[in-house]
Amino acid sequence: MGAFPGGKVIDAETGQPLPGVVVLAFWLERWNALIETHTRFYDAREVLTGPDGTFEIPRLPRPLWPFRRIDSPSIRLFAPGYGFHRAVVTPPTGEEFVNPTVVEMRRLTTREERLRALRLGSLSATVPLEKQCLLRHAQNVEAEDLQLSPLPECPK
C-alpha cells in the first residue's frame, strides 16, 4: 500500500513544528459517460501531525477499472487558530516533482481571519462526515473558542 508522500507542518513565523494539525486527504473517482464526466467521492484518510510536525497518509490501493480513474488526493489542513500560509516544495535529489513537503501555517490574529479559516476548512458534502472526524473535532474546538454553535459531530 505505501504511504502518501508526507510532510511537515511548521509555524510560518517561528519555524517551529506544529503538532496536532489535522491533515485530511480525499480522493475522487471519475468516469466518462457518453456526454459528460461523472465525479463522486471515493475515499478519505486523516491523520494528526506528530510532536515534530510530521505526517504521513497511507496510500489507497488503485483499482484497475478500464473506464474509471481515481484522482490524486486533495489535501486539507486545519488547526484551531491557524491558517494556511504557503507550501514549500523540497524535492529529493533526482525527482522531477514531489508534493509540498513543508507546509507553513500562520497564527491568525483576528476573529474575522479565524472565521474565514473555519469556513474554508469545511468540506460540505464532498467527504462523508464519518471520514472527517478529526477535522470536525478540531473545527468544533475553534467554534467553541469563537463562541459559535458546534458543527455536527461524527456518528459514534
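Derivation of every value follows stated rules applied to the coordinates shown; laboratory data play no part. Treat the numbers as computed from the prediction; the structure is a model and nothing was measured. We place every Cβ from the backbone using ideal geometry, glycine too, and count neighbours over all the protein chains shown.
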Spelling it out for Val21: with amide H atoms placed in the peptide plane at 1.01 Å from N, the residues 5 or more places away or on another chain with amide H under 5 Å from its amide H are Thr49
Expected unfolding gain across Thr109-Gln16 under the 0.36 nm per residue rule, minus the alpha-carbon gap, is 31.7 nm
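At 0.36 nm per residue, and after removing the present C-alpha to C-alpha distance, how many nm does the segment from Cys133 to Thr101 gain when stretched out fully?
Working: separation 32, 0.36 × 32 = 11.52 nm, distance 2.39 nm.
Using 0.36 nm per residue and subtracting the Cα-Cα distance, I get 9.1 nm.
Magnitude of the Cβ-charge dipole of region 106-148, K/R +1 and D/E -1, about the Cα centre, nearest 20 debye?
On the way: 8 positive and 6 negative charges, 37 e Å.
Magnitude of the dipole: close to 180 debye.
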Expected vector for region 43-50, Karplus 3J(HN,Hα) from phi with 6.51, -1.76, 1.60 and θ = phi - 60°, integer Hz, x for Gly and Pro, equals 6, 8, 9, 9, 9, 9, 5, x
With a ≥ b ≥ c from the Cα gyration tensor eigenvalues, square-rooted, and the rule rounded for a/c under 1.5, otherwise prolate when a/b > b/c and oblate otherwise, region 100-145 is oblate
Placing each pseudo-label 7 Å from Cα in the direction of the beta carbon, Arg116 and Asp145 end up separated by a distance in nanometres of 1.8
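To the nearest 0.05, how large is the calculated FRET efficiency for Arg69 and Thr126 if R₀ is 25 Å and r is the Cβ-Cβ distance?
Values: r = 17 Å, r/R0 = 0.70.
With a Förster radius of 25 Å, E is 0.90.
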Between Asn32 and Arg59, Cβ-based FRET efficiency (R0 30 Å, step 0.05) works out to 0.75
Scalar couplings 3J(HN,Hα) for region 105-117 by Karplus 6.51 cos²θ - 1.76 cosθ + 1.60 (θ = phi - 60°), nearest whole Hz, x for Gly and Pro, are 10, 10, 5, 8, 9, 10, 4, 4, 4, 5, 5, 4, 5
Sorted by chain and then number, the residues having a modelled amide H within less than 5 Å of the amide H of Val102, at least 5 places away or on another chain, are Lys8, Val88, Thr90
